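These notes are about the structure you will find just below.
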Amino acid sequence: MPVTKLVLGGLAVLLAAPIASAQDLRLRDIPTRWRFTGEYFSVDAHEHLGLVGVHYDVLDPFPAVPHLYLGVGGYGAVAGRRGGLFAGGLTAGYLRELAPGWAVDAGLFAGGGGGGGRVSGEGIEGPVLRPHLALERTFPLYSLRLELANTDFLDDEIDDLHLALGLSLPSEILHARESGRVPSIPADAVVKRRVRVTPQVSVFDPARGLNRLSGTPLERDIKTTGFGVDYFLGEHFFVPIEAHGATSGSVSGFGVALTGIGFSLPLAFADRLTLELATLAGAAGGGDVDTGGGFLWLARGGLKIPLYGPLSLSISHGATEAVKGDFEANVTTVGLTWESHLPELAADYPRSRLAKEGLTKETAKINPTRLQALDKMYVPRSKSHYRHGGRYESTINLLGVGFAQPVSESFSILGHVYSAWEGDVSGYSEGLIGLGYEFAPLYDERHRFYTSVETGSGGGGDVDVGSGLIYELGAGYRYDLTESVSLSLGAGYMEADHGSFAAETYQIGLSWHLGRAFLK
């Protein structure tokens with residue numbers, strides 16, 4: 001995979017390049033929350049389905065529209081017989097306090113997804129709508145939720161009104177901008193939060209004697225590419241969040257989304273060589289892999305080895321097993337980890353003081369990020385066909401979310417996740433990581449042009465992407481509507497490494513520009 005190695009090598013060089021800020025930083029707190037749900041309901045008289053949902057919501061993003069929130073997230077199957085069913089998308093809602101300690105939440109999730117069939121092409125597919133009405137009991141550090149929700153895959157048989165239980169955890173984003181000299185926030189009011197980001201490759205070595213959902217033996221190793229984020233709760237414990245997709249092993253469409261708890265123990269080299277232990281669980285399936293209802297656990301141990309600056313090499317080995325399915329494997333993972341430190345404000349620090357206090361240029365810098373919501377259309381080439389025969393008779397539309405993280409004046413790291421919502425490709429999804437180059441040839445820098453190269457995994461929906469490894473080249477135009485919002489139009493070409501699928505791509509996107517402070 002020379003292209004993948006080239007991309008990862010480029011990431012290693014660019015991640016080490018800092019973005020400097022010449023002035024002090026003034027902060028503005030944007031309230032956010034993590035929202036988790038669990039639900040179990042009837043698909044029909046003979047089938048039940050269990051889903052877990054994970055969402056990240058931005059509260060009151062527009063001061064002129066109080067109580068509005070916008071979020072991104074998705075759902076995955078963990079019980080029933082739909083392992084591999086995933087849906088991702090966006091949420092808009094209304095959250096308002098009814099009385100001290102009580103709040104009402106009304107919202108609508110809209111997205112795309114599918115999968116969960118016993119054979120390729122049999123699963124659920126298409127647009128997903130999930131309106132909810134929830135009552136929250138709020139406490140200082142969390143909120144408990146009871147939801148009345150209707151989960152509706154518009155093109156298939158899943159359409160049910162049911163109850164769901166949930167948990168919300170409050171958080172915030174500290175938006176930073178350059179300023180003249182400002183008084184410093186007291187040192188005891190700033191928490192130095194350690195965060196690690198890791199592009200990674202995993203090899204699943206299945207146990208002997210396993211069968212696929214179709215009944216054929218599962219004998220080959222499965223290679224996946226993915227992304228992980230570690231959020232430290234203190235000096236040693238952290239919360240890992242990971243997502244993987246198959247790129248070899250004849251199981252295109254196999255995906256894993258996990259979270260759990262980890263432990264890091266410094267060993268040497270100024271505490272940069274560390275022993276890492278973690279236990280994770282989540283949703284998995286697709287690609288004809290028998291994960292039952294989709295619930296899977298993984299336990300592992302390994303090392304993080306320092307390389308240069310904030311970069312380290314991550315190596316681990318462990319085991320995984322589907323709780324209800326015929327799948328278990330040893331798992332070896334290698335990744336390139338970038339570590340940074342984000343400032344967080346102590347809970348008792350009055351946010352009103354941010355109007356006159358900030359961080360000094362000696363202690364912090366701004367690292368901007370663009371968060372993106374995208375709609376991408378594939379126009380398949382004439383040579384493309386389904387894995388089991390037949391030509392594509394229509395275009396394919398995918399809903400996606402992602403980020404562009406600048407690492408220099410012109411280059412950015414790109415990360416995107418897409419799910420199909422139209423085009424007769426049940427459950428097709430993909431995850432991409434790559435590099436973007438942006439330039440402003442005009443006098444007015446609100447007009448910018450870009451090129452990009454991305455690689456990653458795709459699969460599901462009977463789309464012939466071989467073992468799942470795909471590449472995409474793109475170019476486009478971005479216009480800054482305001483300081484914080486921009487609109488983009490792009491076109492490009494996508495091709496599977498070994499499958500017949502290839503397509504012209506067209507996409508439209510909306511980006512939110514977020515400046516975050518990183519501690520030096």
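The values are calculated or read from the model by the stated rules, or taken from the named source; none is laboratory data. Keep in mind it's a predicted model, so treat the numbers as computed, not measured. Note that each Cβ is placed from the backbone with ideal geometry, even for glycine, and that neighbours are counted across all protein chains shown. Protein only, heavy atoms only, side chains kept; ligands, DNA and RNA dropped before computing areas. Shrake-Rupley method; radii C 1.70, N 1.55, O 1.52, S 1.80 Å.
Looking only at residues in region 289-309 that are open to solvent by less than 40 Å² (accessible area, probe 1.4 Å) and assigned to a loop (DSSP other than H, G, I, E, B), the one that is nearest to TYR231 (Cα to Cα) is GLY294. Filtered by the rule that a residue be open to solvent by less than 30 Å² (accessible area, probe 1.4 Å) and in contact (Cβ under 8 Å) with a residue 40 or more places away in the chain, region 254-263 gives PHE254, GLY255, VAL256, LEU258. Counting only strands (runs of 3 or more DSSP E) that fall entirely inside region 327-415 and contain at least 2 residues that are of a type in the set (Lys, Arg), the qualifying elements are 364-380. When VAL54, VAL43, VAL65 are screened for being open to solvent by 10 Å² or more (accessible area, probe 1.4 Å), in contact with a Gly (Cβ under 9 Å, 6 or more places away or on another chain) and more than 20 Å from LEU154 (Cα to Cα), only VAL54 passes.
Residue by residue, here is whether (1) out of contact with any Pro (no Cβ under 7 Å at 6 or more places or on another chain); (2) in contact (Cβ under 8 Å) with a residue 60 or more places away in the chain; (3) open to solvent by 10 Å² or more (accessible area, probe 1.4 Å); (4) more than 30 Å from ALA420 (Cβ to Cβ) holds:
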position: GLY226; (1), (2), (3), (4): yes, yes, yes, no
position: LEU233; (1), (2), (3), (4): yes, no, yes, yes
position: PHE238; (1), (2), (3), (4): yes, no, no, yes
position: ALA243; (1), (2), (3), (4): yes, yes, yes, no
position: SER252; (1), (2), (3), (4): yes, yes, yes, no
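On the basis of being more than 23 Å from GLY73 (Cα to Cα) and over 19 Å from the mean Cα position of the chain (by Cα), does GLY287 make the cut? Criteria not met by GLY287.
Which of the strands (runs of 3 or more DSSP E) found entirely inside region 116-196 contain at least 3 residues meeting this: over 24 Å from the mean Cα position of the chain (by Cα) and at pLDDT below 90? Fully inside region 116-196 and qualifying: 159-179. In region 371-413, the residue that is nearest to GLY466 (Cα to Cα) out of those that are among the basic types (Lys, Arg) and open to solvent by 30 Å² or more (accessible area, probe 1.4 Å) is ARG387. Applying the criterion of being over 23 Å from PRO266 (Cα atoms) and surrounded by fewer than 21 Cβ atoms within 10 Å (Cβ to Cβ) to the residues of region 310-323, the residue that is modelled with the lowest pLDDT is VAL323.
Filter region 441-462 down to the residues that are of a type in the set (Asp, Glu) and either open to solvent by 20 Å² or more (accessible area, probe 1.4 Å) or at pLDDT below 90 (or both), then identify the one that is nearest to the chain's Cα centre (by Cα). The residue in question is ASP462. Restricting region 419-440 to residues that are assigned to a strand (DSSP E or B) and without any contact (Cβ under 8 Å) to a residue 60 or more places away in the chain leaves a set whose member that is surrounded by the fewest Cβ atoms within 10 Å (Cβ to Cβ) is PHE439. I'm checking my understanding of the structure. Among residues of region 463-490 that are in a loop (DSSP other than H, G, I, E, B) and open to solvent by less than 20 Å² (accessible area, probe 1.4 Å), which one is farthest from LEU85 (Cα to Cα)? Here the residue is GLY466. Looking across region 24-77, just one residue is free of Cβ contacts under 8 Å to residues at least 24 places away in the same chain, out of contact with any strand residue (DSSP E or B) (no Cβ under 8 Å at 6 or more places or on another chain) and under 22 Å from LEU148 (Cα atoms), and that is ALA45.
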